[in-house]
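Novice: Okay, here's the structure, questions in a sec.
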Amino acid sequence: MSDHADQHETLRRIATEEAFVIPEVAAAHKVIAEAPGTSLDIPLLRAIYASPPGRSVFLDRLLDLDELRIADMDANGVDVELLSLTAPGVQMFDADTATGLATLANDRLAEAIARHPGRYAGLASFAPQSPRRAAEEMRRAIEDLGLHGFVVNSHTNDEYLDHPKYWPVLEAAEALGACIYIHPRGASAGLADPLRDYGLWAAMWGYGIETSTHAVRLIASGVLDRFPRLQLCLGHMGEAVHFWAWRLDFMQRRNADLGWGPRLELRPSEYLQRNFVITTSGLESHLALDFSIKALGAERVLWAIDYPYQPTAPAVAFLDSAPISDEERALVSHRNAERVFHIA
Ligand code: VNL
Ligand code: MN
């Protein structure tokens with residue numbers, strides 16, 4: 001075996017956007033799947049949860065935190081999965097249901113991590129529908145349960161986290177030193193109509209439009225001047241936001257001159273460098289990886305699979321065969337995840 005292959009044998013792999021569900025949330029998603037509605041989350045919920053399940057292979061794997069998942073990890077050399085409740089999480093439920101289910105999901109997540117020492121870490125859910133209770137649950141999840149950060153599935157009732165009502169959530173994450181992973185979901189009502197054809201609503205295109213817009217709102221609103229130490233994570237190779245950095249910088253200044261937006265303390269590209277990390281989930285392109293490392297630095301790019309929605313073996317092969325230095329590979333594969341998500 002060559003030295004190169006040897007090095008890969010011992011490289012710790014931490015996958016950072018790995019989905020699960022608990023039966024109680026699955027049951028509540030099924031109710032949404034079987035009711036009429038125009039939300040762009042409904043087609044995928046129907047595919048997964050409506051009876052008979054069209055994509056039960058996803059459902060089985062989402063519900064499993066033991067045999068199937070650990071076997072898939074072992075077969076592919078994945079050391080750790082950073083788990084998060086699958087989209088849209090609790091964000092389509094009423095505030096009380098959402099708050100209760102987030103708490104339950106976080107308890108189950110902590111139990112799964114304890115059952116499989118060293119194999120899992122976890123991002124806590126919270127219910128933005130009730131920002132004060134969300135902030136309390138965020139404190140409990142980090143301080144009592146020992147979870148490793150947070151997941152939010154983009155908009156909540158068509159509102160974004162730059163809205164002042166959500167500042168308690170941003171304040172809690174910053175104070176706890178815990179990163180918020182902004183995961184996609186179906187686009188908000190105002191973004192939705194051109195995404196209703198050809199399957200554009202989901203992972204092919206709509207998720208990226210929704211989630212990149214969320215990230216740009218957080219930058220352009222000035223909310224990162226209020227919470228300068230807040231750490232945010234974007235999947236899917238940064239949802240391409242960093243590709244737009246030059247234009248964001250140029251046009252944000254013009255916006256400020258026109259009175260269309262605030263005067264920011266930093267340029268948009270500087271917030272990307274200070275407040276964001278990105279993951280490679282579901283975008284296994286060496287060209288995009290090379291661009292991302294050059295644009296943001298290798299210490300801001302983390303590996304992910306997007307299990308069970310993406311297959312594990314190609315995600316591992318993508319990492320192992322990436323034309324990057326051993327130092328960069330170690331950062332992307334595990335060191336950045338260890339630092340950003342406090343994984344031992
Ligand atoms: C898909 C991919 C769905 C990644 C996801 O969450 C996800 C998909 C619902 O391919 O449909 O995180
Ligand atoms: Mn995902």
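Novice: Looking at (1) within 16 Å of ligand 2 (Cβ to nearest atom); (2) in contact (Cβ under 8 Å) with a residue 60 or more places away in the chain; (3) part of a loop (DSSP other than H, G, I, E, B), which is the one condition that is false for VAL277?
Specialist: (3)
Novice: Just need a number here: residues in the range 1-29 that are in a helix (DSSP H, G or I), surrounded by fewer than 12 Cβ atoms within 10 Å (Cβ to Cβ) and at pLDDT below 95. Break it down stepwise before answering.
Specialist: First, pick out the residues of the range 1-29 that are in a helix (DSSP H, G or I): 3-10, 23-29.
Pick out the ones that are also surrounded by fewer than 12 Cβ atoms within 10 Å (Cβ to Cβ) and you get 3-6, 9-10, 23.
Filter again for at pLDDT below 95, leaving 3-6, 9-10.
Of the residues in the range 1-29, 6 are in a helix (DSSP H, G or I), surrounded by fewer than 12 Cβ atoms within 10 Å (Cβ to Cβ) and at pLDDT below 95.
Novice: Which one of these is over 22 Å from VAL90 (Cβ atoms), touching a Leu at 6+ places or on another chain (Cβ under 8 Å) and among the aliphatic types (A, V, I, L, M): ALA240, ALA202, ALA187, ALA245? Give the steps one after another, and end with the answer.
Specialist: Values: ALA240 fails: touching a Leu at 6+ places or on another chain (Cβ under 8 Å); ALA202 fails: over 22 Å from VAL90 (Cβ atoms); ALA187 fails: over 22 Å from VAL90 (Cβ atoms).
Exactly one residue qualifies, and that residue is ALA245.
Novice: Take the residues of the range 251-268 that are assigned to a helix (DSSP H, G or I) and buried (at least 19 other Cβ atoms within 10 Å of the Cβ): which is farthest from ligand 1 (Cβ to nearest atom)?
Specialist: Of the residues in the range 251-268, the ones assigned to a helix (DSSP H, G or I) are 251-258, 268.
Then keep just the ones that are buried (at least 19 other Cβ atoms within 10 Å of the Cβ); that gives 252, 268.
Working: GLN252: 29, PRO268: 26 Å.
Across the range 251-268, the extreme among qualifying residues is GLN252.
Novice: Turning to a different aspect of this structure: Which one of these does ALA95 not meet: (1) crowded, with 19+ Cβ neighbours inside 10 Å; (2) more than 16 Å from ligand 1 (Cβ to nearest atom)?
Specialist: Only one criterion in (1) crowded, with 19+ Cβ neighbours inside 10 Å; (2) more than 16 Å from ligand 1 (Cβ to nearest atom) is unmet by ALA95, namely (1).
Novice: Check ILE32 against each of (1) of a type in the set (Val, Ile, Thr); (2) more than 16 Å from ligand 1 (Cβ to nearest atom); (3) modelled with pLDDT of 95 or more and name the one condition it does not meet.
Specialist: If we test ILE32 against (1) of a type in the set (Val, Ile, Thr); (2) more than 16 Å from ligand 1 (Cβ to nearest atom); (3) modelled with pLDDT of 95 or more, just (2) comes out false.
Novice: Need pairs with beta-carbon distance below 6 Å; first residue farther than 15 Å from GLU17 by Cβ and within the range 63-79, second among the aromatic types (Phe, Trp, Tyr); sequence gap 6+ or separate chains.
Specialist: LEU65/PHE20
Novice: For the range 174-245, which fully contained helices (runs of 4 or more DSSP H) count at least 2 residues that are in contact with a strand residue (DSSP E or B) (Cβ under 8 Å, 6 or more places away or on another chain)? Even if it seems obvious, please write down each step before you answer.
Specialist: Values: elements: 189-192, 206-220, 223-226, 235-238.
The helices (runs of 4 or more DSSP H) meeting that bar are 206-220, 235-238.
Novice: All but one of (1) within 16 Å of ligand 2 (Cβ to nearest atom); (2) within 20 Å of VAL151 (Cβ to Cβ); (3) not small (Gly, Ala, Ser) hold for PRO311; which doesn't?
Specialist: For PRO311, the exception is condition (2).
Novice: Residue check: is TYR271 more than 28 Å from GLU143 (Cβ to Cβ), modelled with pLDDT of 95 or more and either hydrophobic (A, V, I, L, M, F, W, C) or within 22 Å of the chain's Cα centre (by Cα) (or both)?
Specialist: Working: more than 28 Å from GLU143 (Cβ to Cβ): no; modelled with pLDDT of 95 or more: yes; either hydrophobic (A, V, I, L, M, F, W, C) or within 22 Å of the chain's Cα centre (by Cα) (or both): yes.
No: the conditions fail for TYR271.
Novice: Check ARG329 against each of (1) more than 17 Å from TYR181 (Cβ to Cβ); (2) away from ligand 1 (no atom under 16 Å from the Cβ); (3) not in a helix (DSSP H, G or I) and name the one condition it does not meet.
Specialist: Looking at each condition in turn, ARG329 falls short on (3).
Novice: Any idea which residue in the range 182-208 is nearest to ligand 1 (Cβ to nearest atom), counting only those that are of a type in the set (Ser, Thr, Tyr) and out of contact with any Asp or Glu (no Cβ under 7 Å at 6 or more places or on another chain)?
Specialist: From the range 182-208, those of a type in the set (Ser, Thr, Tyr) are 188, 198, 207; that's our starting set.
Now narrow it down to the ones that are out of contact with any Asp or Glu (no Cβ under 7 Å at 6 or more places or on another chain): 198, 207.
On the way: TYR198: 14, TYR207: 7 Å.
Once the filter is applied, the top-ranked residue is TYR207.
Novice: Looking at LEU109, LEU82, LEU62, which is the one that is assigned to a strand (DSSP E or B), in contact with a strand residue (DSSP E or B) (Cβ under 6 Å, 6 or more places away or on another chain) and modelled with pLDDT of 95 or more? Quick ask: steps written out before the conclusion?
Specialist: Working: LEU109 fails: assigned to a strand (DSSP E or B); LEU62 fails: assigned to a strand (DSSP E or B).
Only one candidate qualifies: LEU82.
Novice: Please work out which one of (1) more than 16 Å from ligand 1 (Cβ to nearest atom); (2) not in a loop (DSSP other than H, G, I, E, B) is the condition PRO128 fails and give its number.
Specialist: So PRO128 meets the others, but not (2).
Novice: For the range 157-169, does any single residue satisfy the condition of being assigned to a helix (DSSP H, G or I), away from ligand 1 (no atom under 16 Å from the Cβ) and touching a strand residue (DSSP E or B) at 6+ places or on another chain (Cβ under 6 Å)? Working first, answer last.
Specialist: Narrowing the range 157-169 to residues assigned to a helix (DSSP H, G or I): 164-169.
Now narrow it down to the ones that are away from ligand 1 (no atom under 16 Å from the Cβ): 164-169.
Right, trim to touching a strand residue (DSSP E or B) at 6+ places or on another chain (Cβ under 6 Å) and you get none.
No, because not a single residue in the range 157-169 is assigned to a helix (DSSP H, G or I), away from ligand 1 (no atom under 16 Å from the Cβ) and touching a strand residue (DSSP E or B) at 6+ places or on another chain (Cβ under 6 Å).
Novice: Yes or no: the range 296-303 includes at least one residue that is more than 28 Å from ILE48 (Cβ to Cβ) and surrounded by fewer than 19 Cβ atoms within 10 Å (Cβ to Cβ).
Specialist: Looking only at the range 296-303, we keep the residues that are more than 28 Å from ILE48 (Cβ to Cβ), and these are 296-301.
Next, from what is left, pick out any that are surrounded by fewer than 19 Cβ atoms within 10 Å (Cβ to Cβ): 297, 299.
Checking the range 296-303: at least one residue is more than 28 Å from ILE48 (Cβ to Cβ) and surrounded by fewer than 19 Cβ atoms within 10 Å (Cβ to Cβ).
Novice: In the range 289-317, what count of residues is obtained for those that are more than 16 Å from ligand 1 (Cβ to nearest atom) and assigned to a helix (DSSP H, G or I)? Don't jump to the end; show me each part of the working.
Specialist: The first filter runs over the range 289-317 and keeps only residues more than 16 Å from ligand 1 (Cβ to nearest atom), leaving 289-301, 313, 316-317.
This time we only want the ones that are assigned to a helix (DSSP H, G or I), so: 289-296, 298-300, 313, 316-317.
The qualifying residues number 14.
Novice: In the range 34-53, which residue that is of a type in the set (Gly, Ala, Ser) and more than 16 Å from ligand 2 (Cβ to nearest atom) is nearest to ASN157 (Cα to Cα)?
Specialist: Within the range 34-53, the first condition is being of a type in the set (Gly, Ala, Ser), and the residues that meet it are 35, 37, 39, 47, 50-51.
Those left that are additionally more than 16 Å from ligand 2 (Cβ to nearest atom): 35, 37, 39, 50-51.
Values: ALA35: 17, GLY37: 13, SER39: 10, ALA50: 22, SER51: 26 Å.
So, considering only residues that are of a type in the set (Gly, Ala, Ser) and more than 16 Å from ligand 2 (Cβ to nearest atom), the one nearest to ASN157 (Cα to Cα) is SER39.
Novice: Separate question: Among the candidates GLY222, GLY238, GLY282, which residue alone is at pLDDT 95 or above and more than 16 Å from ligand 2 (Cβ to nearest atom)? Let's see the steps before the verdict.
Specialist: Details: GLY238 fails: more than 16 Å from ligand 2 (Cβ to nearest atom); GLY282 fails: more than 16 Å from ligand 2 (Cβ to nearest atom).
Of the residues listed, the single one that is at pLDDT 95 or above and more than 16 Å from ligand 2 (Cβ to nearest atom) is GLY222.
Novice: From the list ILE32, ILE48, which one is over 21 Å from the mean Cα position of the chain (by Cα) and assigned to a helix (DSSP H, G or I)?
Specialist: Numbers: ILE48 fails: over 21 Å from the mean Cα position of the chain (by Cα).
Of ILE32, ILE48, the one residue that is over 21 Å from the mean Cα position of the chain (by Cα) and assigned to a helix (DSSP H, G or I) is ILE32.
The values are calculated or read from the model by the stated rules, or taken from the named source; none is laboratory data. For clarity, every value in this text was computed on a predicted model and none was experimentally measured. FYI the Cβ positions are ideal-geometry reconstructions off the backbone, even for glycines, and counts take in every protein chain you see.
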